[in-house]
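Following: one structure in structure tokens, then a few remarks.
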Amino acid sequence: MSADAVIRPPERQSPWLKLAVLALGFAAMSLNWFDMPAAFSGIHKSLHASVPELALLVSAFVIGYGVMHIPAGFLAARYGLRATLTAGLVLEGLLGAASGLAGNYPTMIVLRVACGLAASNYAGVGIAAVSVWFRGTRGHAFAMGVVSASFALGVTIGLSAWVAVVEATTWRAALIIAGGIAVAVGVLIVSIYRIPPDAAALRGGPLTRDGVRRVLRSRVLWRYGLAFFGGYGAYFTATQLLRVYATSIHVSSASISVAVVLIGVAGIPGSTLAGWLSDRAGSRRPYVVGFLLIQALGLVLIPVCGGLLWLPAVIVGFGFNGCFAVFQSTAAEDPSVSIEHIGTAIGLMLTIAAVGGFLVPAVFGRLAVSAGYTAAWIFAAVVCSAFALLAPARAKKIAVRNPAVPVMRDGLEQLNG
């Protein structure tokens, strides 16, 4: 009997294994984003960087990260989802490691912008890579919750544990180690992740004007992006300025450290619980709005709790990541979005939200100076809750299928029955 005549059993496809390796990638991606503050002291001494210049290193990454969301979706549609996301993570790791070798501040700035550009290719396209395996199942938003939890884990490791790595080695070695982790995880993803069967469009192909136009004109995507606008901006305001505020009211350094860690850690149960509840209910909007209102409650409590900042920090992190988990699942469930453009759809939503990530902290800072911190925190809470109400009013039920048996139907599967 010839080799061609041998009947091979179909390859067993495990969506959960795909999710596991992609989740590792999100942790590695966010680690290489948030490991920078741990290196600030060493960079200040070695590269003679001032405090504003150190802050600019954070902004430089965010600039690259923000502008690349939609182009990353185009790259995935043109060259393939798997190739785009793995290239993004590996490049982020290489550029992050190269940051540890930078000999001067201008080189460091350029590398951080490039690092953000690379990370953006993994972020939106990585979300799409999970969605194509879970959309239309009673595990879609939960899987997105695992993604959010993994991102939060990387943030927590970068902001807290990486300080110990810097102390045990040097700031340069710590950045190189973090970059090496991202490269290693990227190689692991290449070896394990596969696109679903019968989804040839995910391997890449010509960009079509019609496909791009349907994404950019989708009211669902725009409204969910705007709904997250306030919460996204308020969360990054809290993570970046909570320490500054706490210092101004003379909270102990130990209490501040606990609050900063908890705002990240709380996202792990928040995201997975929100995803699980949303999947069981078969709807998205109530959970996007509801968890944003929880976040707003935490923001209002910040100026009230004084030294007990850990409590509002937990509420803010829990609410934000709970919303983020459900928010991420909505792009793949929009029937106007073809399967190869899920990454572009997520990129559009994240780009809209990223504008909030820039504007809300800026307005907050001005209010804190002119009207005081209490007014500024109330502003953040109002923006968070008000924009949440822009989520699409129709709460559609999600059709359920077996996550191990992808159903593609030319990439335009109707998921909202």
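The values are calculated or read from the model by the stated rules, or taken from the named source; none is laboratory data. Predicted model only: the values in this text are computed from it and were never measured. Neighbour counts run over all protein chains shown; Cβ positions are idealised from the backbone, glycine included.
Quick one: which of Y65, Y79 is aromatic (F, W, Y), over 16 Å from the mean Cα position of the chain (by Cα) and either on the phi > 0 side of the Ramachandran plot or at pLDDT below 95 (or both)? None of the other options fit; the residue is Y79. Screening L101 with (1) in a loop (DSSP other than H, G, I, E, B); (2) without any contact (Cβ under 8 Å) to a residue 24 or more places away in the chain; (3) not aromatic (F, W, Y) gives one miss only, at (2). Of the residues A164, A173, A184, the single one that is farther than 25 Å from G270 by Cβ, surrounded by fewer than 24 Cβ atoms within 10 Å (Cβ to Cβ) and modelled with pLDDT under 95 is A164. Does the range 232-250 contain any residue that is in the same structural domain as P361 (by TED's automatic domain parsing), among the small types (G, A, S), closer than 30 Å to R138 by Cβ and touching a residue at least 24 places away in the same chain (Cβ under 8 Å)? No; the residues of the range 232-250 include none that is in the same structural domain as P361 (by TED's automatic domain parsing), among the small types (G, A, S), closer than 30 Å to R138 by Cβ and touching a residue at least 24 places away in the same chain (Cβ under 8 Å). Looking at the range 23-94, the helices (runs of 4 or more DSSP H) lying wholly inside it that each contain 1 or more residues that are within 22 Å of F236 (Cβ to Cβ), of a type in the set (F, W, Y) and in the same structural domain as A149 (by TED's automatic domain parsing) sit at 40-47, 51-67.
Across the range 324-339, a minimum of one residue is classified as assigned to a helix (DSSP H, G or I), at pLDDT below 90, of a type outside the set (S, T, N, Q) and not assigned by TED's automatic domain parsing to the domain that holds A72. Of note, V190 does not satisfy the criterion of being crowded, with 19+ Cβ neighbours inside 10 Å, farther than 28 Å from A259 by Cα, β-branched (V, I, T) and in contact (Cβ under 8 Å) with a residue 40 or more places away in the chain. Scanning the range 275-284 for residues that are surrounded by fewer than 16 Cβ atoms within 10 Å (Cβ to Cβ) and either in contact with a Phe, Trp or Tyr (Cβ under 6 Å, 6 or more places away or on another chain) or free of Cβ contacts under 8 Å to residues at least 12 places away in the same chain (or both) yields a count of 1. Cβ-Cβ distances below 7 Å connect the following pairs, each with a first residue in the range 258-274 that is assigned by TED's automatic domain parsing to the domain that holds Q295, a second residue that is surrounded by 21 or more Cβ atoms within 10 Å (Cβ to Cβ) and outside any helix (DSSP H, G or I), and a separation of six or more residues or different chains: A259/L309.
Scanning the range 340-355 turns up no residue that is touching a Ser or Thr at 6+ places or on another chain (Cβ under 7 Å), at pLDDT below 90 and surrounded by fewer than 23 Cβ atoms within 10 Å (Cβ to Cβ). As for the range 227-249, it holds no residue that is part of a helix (DSSP H, G or I), out of contact with any helix residue (DSSP H, G or I) (no Cβ under 8 Å at 6 or more places or on another chain), of a type outside the set (G, A, S) and surrounded by 16 or more Cβ atoms within 10 Å (Cβ to Cβ).
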